[in-house]
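Everything on this sheet refers to the single structure shown next.
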Amino acid sequence: MFTVTDASGFIPYGRQNIDHDDIEAVVEVLQSDWLTTGPKVAMFEHDVCNFVGVSHGIAVSSGTAALHCAVNAAGIKAGDEVIVSPITFAASANCVLYQGAKPVFADVTYDTLLISPEEIEKKITSKTKAIVVVDYAGHPCDYVSLRQICDTHGLPLIADCAHSLGATLHQQSSAKYADMATYSFHPVKHITSGEGGMVVTNNDEAEKKMRRFRNHGIDTDPMQRAKDSVWMYSMLELGYNYRISDFQCALASSQLTKLNHWILRRQEIAGMYGAAFGQRQEFELLKTMEGVNHAHHLYVLRLSRQFNSSHRQQLFDALRQKQIGVNVHYVPVYRHDYYQRNSIGSDAKCPNAEAAFERILSLPIYSIMTDTQVQRVIDEVLDSIEKL
Ligand SMILES: *Cc1c(COP(=O)(O)O)cnc(C)c1O
């Protein structure tokens, strides 16, 4: 560990954990023959597949690229509608726009801020062609209900698992329930490759399509051609350069070996926050549903109904003043300027998302956060809330 954040210094809401093993893994690749689309990419794909229990993994340049691969493989095109959660990072809905299709926002449930299966059913039309759900904060969605809805209507279920690598529902990863699941390896996420992402699936057709989509729509990759001693390749459809490099994948594979320990630490921290805030009338904490092993990518503190967005702002300002890196996850996607200007989702009625957005604040949580730092956050939150 290289940054020993001193107890009185700035505490970010999330940060990476890089040790000597990780660095050695990267250096080894830098001294090898393949810097990109080589053996470490395949190894990392294999490692993630093993970890989540799915047969194919396609590593790409970001979580956003992974989402784009997934909606493209689902055949989403202009004129289609895709149902999406409003409480997420914009990328979960932007990937639908990339395909010229329309994101339709279904409200979240009040208790968890996860997309509501009942609200999804209300939004399904003849134009609906897929559903993108998000394991917000690291809590898997209600996949039993979602699977049922998708099977009934013949819709592909795409799970944005950027927050939930390592989480389970009834001992199974979210990827086991979805048709395609995507991950992000940005430094604030559970494990990092700097920038990076992956999409996993059990569907052989989707796998082939996504491998091509990652590489300009070309049918073979350079390592395959080197092995086979052929130069000929064919571009079968329009794709992108969404490739990831071998040294990034070496870093991420090394990180993955530590993930289970890191999740336990995040759960401890969430437990300390829960014990401090759970019984107080100033807060209305999010719930964890039965059968869930929560990955706690975010710790979302929700103020109770007596407070509004200006109280939340005051609390945010007070904590930032005290070097606590609080944040807000998320502004409902359809409220973003681009969405408003282009009237995308402006007809969305998501009262639970709206109500939550006014009163949520993400507190720092990451694997190398110390008990002293957690206690400092707790003390400052309690001190600041009394002054509202
Ligand atoms: C981080 C994140 C993404 C995008 O991942 P990038 O790797 O930054 O492109 C998508 N969805 C959610 C919910 C995220 O948190």
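Quick note: the coordinates plus some simple rules give every number you see, no bench work behind them. Remember, predicted model here, so these are calculated numbers, not experimental data. All Cβ positions, even for glycine, are placed from backbone atoms using ideal geometry, and neighbour counts span all protein chains on display.
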List the residues whose amide H sits under 5 Å from the amide H of Ala130, counting only those 5 or more places along or on another chain, with H placed 1.01 Å from N in the peptide plane.
Ile83
Excluding residues fewer than 8 places away in the same chain, name every one of the aspartates and glutamates whose C-alpha is closer than 17 Å to that of Lys227.
Asp33, Asp219
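Please compute the Kirkwood hydrodynamic radius over the chain, one decimal place, Å, based on all pairs of different Cα atoms.
On the way: mean 1/r = 0.0463 Å⁻¹.
The answer is 21.6 Å.
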Taking the alpha-carbon distance from Lys129 and a cut-off under 19 Å, which lysines remain once sequence neighbours fewer than 8 residues away in the same chain are dropped?
Lys77, Lys102, Lys209
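Just need the relative contact order of the chain here, percent rounded to a whole number, with Cα pairs under 8 Å and 6+ apart. Write out the running numbers ahead of the final one.
Working: 813 pairs, mean separation 89.8, N = 388.
So the answer I get is 23 percent.
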Crossing angle, helix 63-73 versus the chain [Cα axis fit, 0-90 degrees, rounded to tens]
50 degrees
How large is Rg over Rh for the stretch 29-82, taking Rg from the Cα atoms and Rh as the Kirkwood inverse mean of 1/r across Cα pairs?
1.11
Among Ala137, Ser193, Ser245 - extreme Cα towards positive end, dipole of the chain, charges at beta-carbon
Ala137
Between the alpha carbon centres of the stretch 131-182 and the stretch 350-371 the gap in Å comes to 21 Å
Counting every Cα pair in the stretch 297-346, what percent are over 16 Å apart?
56 percent
Please sort 242-251, 264-273 by packing, taking for each peptide the average over its residues of neighbouring beta carbons within 10 angstrom, highest first.
242-251, 264-273
The value for the stretch 1-120 (convex hull of the alpha-carbon atoms, volume per residue, Å³) is 182 Å³
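With contacts defined as alpha carbon pairs under 8 Å and 6 or more residues apart, what's the relative contact order of the stretch 160-261 in percent?
23 percent
Only bridges whose two residues both fall in the chain count here: according to DSSP, what percent of them are antiparallel, nearest 5? Kindly include the intermediate steps, with their values, before the conclusion.
Values: 23 of 39 bridges.
Rounded to the nearest five, the antiparallel share is 60 percent.
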What dipole magnitude, in Debye to the nearest 20, does the chain give about its Cα centre under +1 on Lys/Arg Cβ and -1 on Asp/Glu Cβ?
680 debye
What is the angle, in °, between the Cα long axis of helix 39-52 and the longest principal axis of the Cα atoms in the chain? Nearest 10 is fine, range 0 to 90.
50 degrees
What is the angle, in °, between the Cα long axis of helix 259-277 and the longest principal axis of the Cα atoms in the chain? Nearest 10 is fine, range 0 to 90.
20 degrees
Solvent-free Debye scattering, log10 I(q)/I(0), computed from the Cα coordinates of the stretch 155-294 at q = 0.20 Å⁻¹:
-1.30
